[in-house]
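First comes the structure, then the notes that go with it.
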Amino acid sequence: MSKAPSGGGKRGKKKGEMTDALKEKIVQNVQTFLEHTKEERAKRGQYMSFDKNDRNNIKEYAIKFGAKETARIFSVKLGQPIAESTVRSIASDGTLTSDQLKLQIGEYGSLFGEELAAKHFTNILGRPITAVSVGRYIKMFEKVCQSLDYTTKSQDENTIGQGEEQSQDLSLKTTSHNSRIEECKPSTSKKVNSLARGKYVRYDAKTRESIVLFARERGIAAASRHFSEQLGSIVSESTIRSMRDQLNKYGKSSCRRKGRPTKMGSNDVNLLHTLKRLQEAGEPITSFTVIATAKQMRDELNIAEDSELTKTWAKSVIARFNKYIENESTKNQ
């Protein structure tokens, strides 16, 4: 993607400064950039949606006749061009797990041979399936069939033997069966006690500092005994070490922010404000718009491009932006 025009005027500007005038300038530059790239973005293919019945028909036809023939037939049938890649995607969608797909290939290979199955599923899935792989899938399929036959046979034998079992002393049978179960059960009393976790306790910043200062003067073990008695709950030595390390790392009474740091740093909120202005100006907030706005802000504010602005990141920004707009509308009500 080509870079949004900067519009000049960087001299005399402090790094990270974001005024209303600058936000408006960024909005205008992004709008100009979106207008210039409108035709290029319009050339991209349109997304097509198929109902469940059409997807099933495409999948069944592709398995029988291949992706190329299926694409040709359904392009005519549905009145719009369907790419072979679309057919392959539908034919190998998430309705089949990896093991299920292997069993399907194995079944096909057992009927028509390894070479033909390899060619057939290579064409359908759009990725190479070797004859050696098909051979493994055939063995997997045969093994499953054998286990199903054994299960069916066992069920039949159990059905036949039900009449004989009814004549036995059921009370004795139940007693002996339960005694065997109790013998097999492991002793869980010690395990439960060893795995039981203590209650999670939250301490305010002042308490945390007091605990760490006490530990520095008299030791961690003494601090654990003292504050366990004072607070009425166990303060373990490992908890005190964690408090100490956190205060050493982040400074007095400071805590680490949860989650990953934002790619725009302190200008993350400014990005949301600028996107709001774009939306108010009639621009739809898409991943492309978010990335273009962020790049324009980086250029104007002289922010180092130390991380890539991806579509995944842009989608997360859109989710936060929608939440931001929702909160703003709630406040105004």
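Out of curiosity, is Val144 part of a helix (DSSP H, G or I), open to solvent by 70 Å² or more (accessible area, probe 1.4 Å) and either closer than 30 Å to Glu84 by Cβ or at pLDDT 70 or above (or both)? In short, no.
Checking each residue in segment 199-235 for being open to solvent by 90 Å² or more (accessible area, probe 1.4 Å), assigned to a helix (DSSP H, G or I) and farther than 16 Å from Leu247 by Cβ picks out Arg218, Arg225, Glu229, Gln230. Of the residues making up segment 305-320, those that are in contact (Cβ under 8 Å) with a residue 24 or more places away in the chain, open to solvent by less than 70 Å² (accessible area, probe 1.4 Å) and part of a helix (DSSP H, G or I) are Trp313, Ala314, Val317, Ile318.
Output the number of the condition that Lys323 fails; it satisfies all remaining conditions of (1) surrounded by fewer than 16 Cβ atoms within 10 Å (Cβ to Cβ); (2) assigned to a loop (DSSP other than H, G, I, E, B). The single condition Lys323 does not satisfy is (2).
Is there a residue being in a helix (DSSP H, G or I) and farther than 26 Å from Val144 by Cβ anywhere in segment 120-128? No, segment 120-128 contains no residue that is in a helix (DSSP H, G or I) and farther than 26 Å from Val144 by Cβ. Selection of segment 286-304 for residues being surrounded by 11 or more Cβ atoms within 10 Å (Cβ to Cβ) and either among the β-branched types (Val, Ile, Thr) or not in a helix (DSSP H, G or I) (or both) yields Thr286, Thr289, Val290, Ile291, Thr293, Asn302, Ile303.
Residues of segment 252-270 include none that is at pLDDT 85 or above, of a type in the set (Lys, Arg) and surrounded by 12 or more Cβ atoms within 10 Å (Cβ to Cβ). Which of the residues that make up segment 59-94 are open to solvent by 40 Å² or more (accessible area, probe 1.4 Å), outside any helix (DSSP H, G or I) and not polar (S, T, N, Q)? The answer is Gly79, Pro81, Ala83, Gly94. Condition test on Arg180, is it open to solvent by 100 Å² or more (accessible area, probe 1.4 Å) and modelled with pLDDT under 75? Against the criterion (open to solvent by 100 Å² or more (accessible area, probe 1.4 Å) and modelled with pLDDT under 75), Arg180 qualifies. When the criteria are applied in full, Val201 fails the requirement of being among the β-branched types (Val, Ile, Thr) and at pLDDT 90 or above.
Residues that are without any contact (Cβ under 8 Å) to a residue 24 or more places away in the chain and not hydroxyl-bearing (Ser, Thr, Tyr) within segment 261-278 comprise Pro261, Asp268, Val269, listed in sequence order. Can you go through Gly16, Gly8, Gly12 and tell me which one is on the phi > 0 side of the Ramachandran plot, open to solvent by 70 Å² or more (accessible area, probe 1.4 Å), at pLDDT below 80 and out of contact with any His (no Cβ under 6 Å at 6 or more places or on another chain)? Of Gly16, Gly8, Gly12, the one residue that is on the phi > 0 side of the Ramachandran plot, open to solvent by 70 Å² or more (accessible area, probe 1.4 Å), at pLDDT below 80 and out of contact with any His (no Cβ under 6 Å at 6 or more places or on another chain) is Gly12.
The values are calculated or read from the model by the stated rules, or taken from the named source; none is laboratory data. Keep in mind that this is a model prediction, so the values were computed, not measured. Backbone-built Cβ (ideal geometry, glycine too); neighbour counts: all protein chains shown. We work out accessible area using only protein heavy atoms, side chains counted, and drop any ligands, DNA or RNA first. Shrake-Rupley method; radii C 1.70, N 1.55, O 1.52, S 1.80 Å.
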